[in-house]
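Heads up, the thing below is written out as structure tokens.
The values are calculated or read from the model by the stated rules, or taken from the named source; none is laboratory data. It should be emphasised that the depicted structure is a prediction, and the values quoted were computed from it without experimental measurement. Cβ coordinates were reconstructed from backbone atoms using ideal geometry, including for glycine residues, and neighbour counts include every protein chain displayed. Only protein heavy atoms, including side chains, enter the accessible area calculation; ligands, DNA and RNA are left aside. Shrake-Rupley method; radii C 1.70, N 1.55, O 1.52, S 1.80 Å.
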There are 2 protein chains.
Amino acid sequence: MKARVTVYPRREILDPQGKAIRDALTRVGFPGVDDVRAGKSFEISLGTEDLQAADRQLREMCEKLLANTVVEDYSLEILGGAGAQP
Amino acid sequence: MKARVTVYPRREILDPQGKAIRDALTRVGFPGVDDVRAGKSFEISLGTEDLQAADRQLREMCEKLLANTVVEDYSLEILGGAGAQP
């Protein structure tokens, strides 16, 4: 089973990388860009086909390794199946 | 209109960051992870509500700034609307 984990800075946290990208986009000819948030995306192939087990494992991976939950939020998406949000 | 741009290394390109994350996940107790690909995700607020214009602008942004199309693939997703794939 394949899943996608997306990790973004929390809404209330400043996102200087996103701001820099917005400014760069404005400079190269996209003045209509209001806001950019920059995050990470992981596509993970899991050995299980059990949706609940996959969801539990992915949350654990995020808490342990993929996201710093003090300053980042994560969301999970099963590719080609039902989605899940934390 | 909000959109999400996801940028991944091309399939045929080695992804050492993804490999390192897979190995780390195995070490912290997830031996069932077969493969990890590591990419970037950008959430972009555009000043337009025109789907076609948004799609065109996002592709231009990817070609000019967000992705290095020699070694990276990108995909576009309109959040809360119709999706688009390159």
Kindly indicate which of B:ARG22, B:ARG59 is outside any strand (DSSP E or B), over 30 Å from A:GLU49 (Cα atoms) and more than 7 Å from chain A (Cβ to nearest Cβ). B:ARG59
If A:THR48 passes every condition in (1) more than 8 Å from chain B (Cβ to nearest Cβ); (2) modelled with pLDDT under 95 but one, which one does it miss? (1)
When both residues are 6+ apart or on different chains and their Cβ atoms are under 7 Å apart, which pairs have a first residue that lies in the range A:58-71 and is open to solvent by 50 Å² or more (accessible area, probe 1.4 Å), and a second that is polar (S, T, N, Q) and part of a loop (DSSP other than H, G, I, E, B)? A:GLU63/A:THR69
Leading residue by the ranking (surrounded by the most Cβ atoms within 10 Å (Cβ to Cβ)) among those in the range B:30-54 that are of a type in the set (Asp, Glu) and farther than 17 Å from A:THR6 by Cβ: B:ASP35
Name every residue in the range A:1-21 that is surrounded by fewer than 18 Cβ atoms within 10 Å (Cβ to Cβ) and of a type in the set (Val, Ile, Thr), in order of residue number. A:ILE13
